[in-house]
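See below for the structure under consideration.
The values are calculated or read from the model by the stated rules, or taken from the named source; none is laboratory data. For clarity, every value in this text was computed on a predicted model and none was experimentally measured. Backbone-built Cβ (ideal geometry, glycine too); neighbour counts: all protein chains shown.
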Amino acid sequence: MAEAEKSGAAGAAAGKAAAPKGPGALSRRIAKGKADAAKLFPILKEKFGAAILEEQPQVVEPFVVIDPEILVEFAAFCRDDARLQFDLLSLISTVDYPPKDAERGTIQVIYFLDSTAHRHRLMFKVKLPRDNPRVPSVENLWRAADWHEREAFDLMGVIFEGHHNLVRILCAEDWEGHALRKDYVIPETYHGIKNVIY
Amino acid sequence: MRDIRTEEMLLNMGPQHPSTHGVFRVVIRTDGEMVLETESHIGYLHRCFEKVAENVSYVQVVPYTDRMDYVCSMINNLGWAEAVEKLLGIEAPERAQYIRVMVAELNRIASHLLAFGTYGMDIGAVTPFLYAFRDREKILKIFEKLCGQRLNYTYVRVGGVSFDITDEILKDIEDFCNYFEPDIIDEYNRLLSYNGIFISRTANVGVIPRQMAIGYGLTGPNLRGSGVRRDLRKDEPYCIYDRFQFEIPAGSGEQGQTGDCWDRYMVRIREMTQSIMIVRQALKGIPSGLHLDKKLQLKVKPPKGEAYHKVEGARGELGFHIVSDGSEKPYRVKTRGPSFCNISVLDELTRTGKCMVADMVAIIGSLDIVMGEVDR
C-alpha cells in the first residue's frame, strides 16, 4: 500500500503540467461499480433474502455470494427482471482455494454479467466444496455459458450439471487432471513427449 | 446419373488451413455444397497462460499478454496494465494516458487492416491484401521506432509506457493520419467494400440477429455489426477516452440484413476513420511530463483483493480478472478473450440449412478471430 501512495504522489506531480481535474477514469469506474452495487444489491436482497450469503458493496469489485441451490433461479431473475436485464454474460471465472487457505478448501465460481440496456454490471459468486464442485449449468439462459463452462470444467474440474456437452475444450480429451488447481502436478511426459520445465 | 452418390460427407477443415485464420479445426457435415452442421474444435495453441501468470510477477506477465491477441498487442498490454492499476488504486501519468490512447488506436487500425486484407483473400480478392499490408507496415514502422518491436510490443506497462514518445514519432503519426484518412479509406471502399462480387458474397450471409449476438457474448465489431451500439470506450470509458469526440459505427443492413458479414466488415472500415479522429485529437492534446512510474517496474505488490477490468480491444471486450493475495505474484488470473466468445457462434450460424461451404469461410473471416487469444 505504501508503494501505491508513493506512486500516487508521483502521478500527481506529473499531472501538474497537464492539470487534469477530478478523479481519473479508473477511480470513476470503481465508483460506478459501487454505485451499481448500491442500486442492485437491495433488489437482490429483497428477492432472495437469506439465500444471499454475503455481500461486499464497498470493495474494488463489489460482489454477492449466493447459495448454489438458487443459482439458476437467481440467474434467470438477473436476466429477466426489468430493473436488471443482464443480457450479456461476460465471463465465468473460477478460483481454487486449497484446504489450508482462509477460504478452507473451496472453489469459487464467479459470474460477471453486463446489461446492454441499463449499462450496469454485476459480479456474483458461488462457493463449492473443493472435493465435489458441482453447480447447475446456466447455458440455457446465456448461450455464452456453454464454452465458458466447458473451459471451467477443463481447467478447474467444476461439474456443471445439465450442460449438454461437458467435455474438455482447450486440453486434449485424454488429458489428466485440471491444470488450474493449486495442487496440480505437471506431468513429466505426454504420449512419450517429454515435458521440459524451465 | 445412377452413379452419383448423394449421401452426407464429413469433412475436416483445419487445423492447418489458410481460411481458418490460425490453428482452428472445424468438422463439417456436408450434403454436396451445403453445410448441414459444423463442430468447432479449439485448443491447438493452448499454453495455459493463466497458470503461467500465477508463477510470474505482475510485471513479468506483460510479455505473455502480447502473445494472446498478437495482432493487437498494445491493447492487451493496456488491459493488463489497467487491471493491475485498478488493484493498486493508482492512475498512470497524464502523458502516458495520451500515448496509450494513440498506440491503442493505431494498433486497432493495424489490426482492422489485417482483418480487411485477409477477409478479401477469404472471399477470393487477393489484391486488397497487398494494399492493407502496405499501410499496416507504416504503423508497424512507427511502433518499431517507438519501442523496437513490430508485433509483440510489451510497451504499455503498469504505471505508464516503457519509452517516451519523441516529437519525431509524433510527426510520423501525424503524417500517417494525413496519408491514411480520407484518401486511403476511400481507396479501400472503391477496391473492395462496394465491389459487386464482394457484396453478393457477404450480404445476407451469416446473419447474426441482435439477440443471438448478445446471447453468445459477442462483443466489438461483431456485436456492433448486429446493430448494438455498445463500445466500452464510450459506455464505460477507461484511459481518457471520454475526452475525445468519436462515433460508434453499427451495422444497419445497408446491403442486406442487419448483422450479415458485410455489416461486420463495414463496421471495421468505419472504425478506422473514427480511430484516426481519436489519434488526431490526442496529438493535439498531448501534455509534457512523466511517461512512466519507474518504481513500479521493479516491484508491484497490490493489496489483497480482486478486480475485473475490461477494455475495448480490436475484436471486442478484453477482460482480466485478477485475484491478489497480497504477494508479488497474482494468485489467479482469468482472461476474457473476445475471440473465444466470438467464434463460439459459428456452429449456430452454419446450422441454418442455407450455408454453403464457401459461405462458411466468409463467416469465419467476418468474425475476425485470432487463435492465440481463443486458446490462450
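Pairs needed: first member in the stretch B:1-20, surrounded by 10 or more Cβ atoms within 10 Å (Cβ to Cβ); second member anywhere, at pLDDT below 75 and not in a loop (DSSP other than H, G, I, E, B); C-beta distance under 7 Å; at least 6 residues apart or different chains. Correct list of pairs: B:MET13/B:THR20; B:GLY14/B:THR20.
Evaluated against (1) at pLDDT below 90; (2) surrounded by fewer than 22 Cβ atoms within 10 Å (Cβ to Cβ); (3) assigned to a helix (DSSP H, G or I), B:ARG280 falls short on exactly one condition, (1). Counting only helices (runs of 4 or more DSSP H) that sit completely within the stretch A:1-119, those holding 3 or more residues that are within 10 Å of another protein chain (Cβ to nearest Cβ) and either at pLDDT below 90 or surrounded by fewer than 17 Cβ atoms within 10 Å (Cβ to Cβ) (or both) correspond to A:2-18, A:25-48.
Given the structure, is B:VAL207 within 28 Å of B:LYS294 (Cβ to Cβ), among the aliphatic types (A, V, I, L, M) and surrounded by 18 or more Cβ atoms within 10 Å (Cβ to Cβ)? Before the answer, list the steps.
On the way: within 28 Å of B:LYS294 (Cβ to Cβ): no; among the aliphatic types (A, V, I, L, M): yes; surrounded by 18 or more Cβ atoms within 10 Å (Cβ to Cβ): yes.
It is false that B:VAL207 is within 28 Å of B:LYS294 (Cβ to Cβ), among the aliphatic types (A, V, I, L, M) and surrounded by 18 or more Cβ atoms within 10 Å (Cβ to Cβ).
What's the total number of residues in the stretch B:156-171 that are on the phi < 0 side of the Ramachandran plot, in contact (Cβ under 8 Å) with a residue 24 or more places away in the chain and either surrounded by fewer than 17 Cβ atoms within 10 Å (Cβ to Cβ) or not in a helix (DSSP H, G or I) (or both)? Can you show your working first?
Kept after step one, since they are on the phi < 0 side of the Ramachandran plot, are these residues of the stretch B:156-171: B:156-158, B:161-171.
Next, from what is left, pick out any that are in contact (Cβ under 8 Å) with a residue 24 or more places away in the chain: B:156-158, B:161-165, B:169-170.
Checking which are either surrounded by fewer than 17 Cβ atoms within 10 Å (Cβ to Cβ) or not in a helix (DSSP H, G or I) (or both) leaves us with B:156-158, B:161-165, B:170.
So the answer is 9.
Residues of the stretch B:84-103 that are in contact with a His (Cβ under 7 Å, 6 or more places away or on another chain) and surrounded by fewer than 24 Cβ atoms within 10 Å (Cβ to Cβ): B:ARG95 alone.
Considering the conditions (1) closer than 16 Å to B:ASP263 by Cα; (2) modelled with pLDDT of 90 or more; (3) more than 21 Å from the chain's Cα centre (by Cα), B:THR202 is excluded by exactly one of them, (3).
Of these, A:VAL167, A:VAL126, A:VAL158, A:VAL138, which one is surrounded by fewer than 22 Cβ atoms within 10 Å (Cβ to Cβ) and modelled with pLDDT of 90 or more?
Working: A:VAL126 fails: surrounded by fewer than 22 Cβ atoms within 10 Å (Cβ to Cβ); A:VAL158 fails: surrounded by fewer than 22 Cβ atoms within 10 Å (Cβ to Cβ); A:VAL138 fails: surrounded by fewer than 22 Cβ atoms within 10 Å (Cβ to Cβ).
Result: A:VAL167 is the single residue among A:VAL167, A:VAL126, A:VAL158, A:VAL138 that is surrounded by fewer than 22 Cβ atoms within 10 Å (Cβ to Cβ) and modelled with pLDDT of 90 or more.
If the condition is being within 21 Å of B:SER339 (Cα to Cα) and surrounded by fewer than 21 Cβ atoms within 10 Å (Cβ to Cβ), then the stretch B:235-249 contributes B:ASP235, B:ILE248. Tell me, yes or no, whether the stretch B:229-251 has at least one residue that is part of a helix (DSSP H, G or I) and away from chain A (no Cβ under 13 Å). Within the stretch B:229-251 (the criterion being part of a helix (DSSP H, G or I) and away from chain A (no Cβ under 13 Å)), the answer is no, since none of the residues qualifies. Note on the stretch B:325-342: residues that are more than 9 Å from chain A (Cβ to nearest Cβ) and buried (at least 24 other Cβ atoms within 10 Å of the Cβ) amount to 6.
When residues of the stretch B:276-309 are filtered for being in contact with a strand residue (DSSP E or B) (Cβ under 8 Å, 6 or more places away or on another chain) and closer than 13 Å to B:VAL161 by Cα, how many remain?
Selection size over the stretch B:276-309: 6.
Counting only residues that are among the polar types (S, T, N, Q) and modelled with pLDDT of 85 or more, which one in the stretch B:345-376 is nearest to B:GLY251 (Cα to Cα)?
To start, the set of residues in the stretch B:345-376 that are among the polar types (S, T, N, Q) comprises B:350, B:352, B:366.
Applying the additional criterion that residues be modelled with pLDDT of 85 or more yields B:350, B:366.
Values: B:THR350: 21, B:SER366: 13 Å.
Per the criteria, the residue is B:SER366.
Within the stretch B:28-42, the set of residues being within 14 Å of another protein chain (Cβ to nearest Cβ) and among the aliphatic types (A, V, I, L, M) comprises just one member, B:ILE42. Considering only residues in the stretch B:32-80 that are in contact with a helix residue (DSSP H, G or I) (Cβ under 7 Å, 6 or more places away or on another chain) and part of a strand (DSSP E or B), the one that is nearest to B:MET356 (Cα to Cα) turns out to be B:VAL35. When the residues of the stretch A:142-180 are filtered to those that are in contact with a strand residue (DSSP E or B) (Cβ under 9 Å, 6 or more places away or on another chain), aliphatic (A, V, I, L, M) and under 22 Å from B:GLU348 (Cα atoms), the one that is farthest from the other protein chains (Cβ to nearest Cβ) is A:LEU166. If the condition is being within 12 Å of another protein chain (Cβ to nearest Cβ) and over 19 Å from A:ARG79 (Cβ atoms), then the stretch B:196-228 contributes B:ILE208, B:ARG224, B:GLY227.
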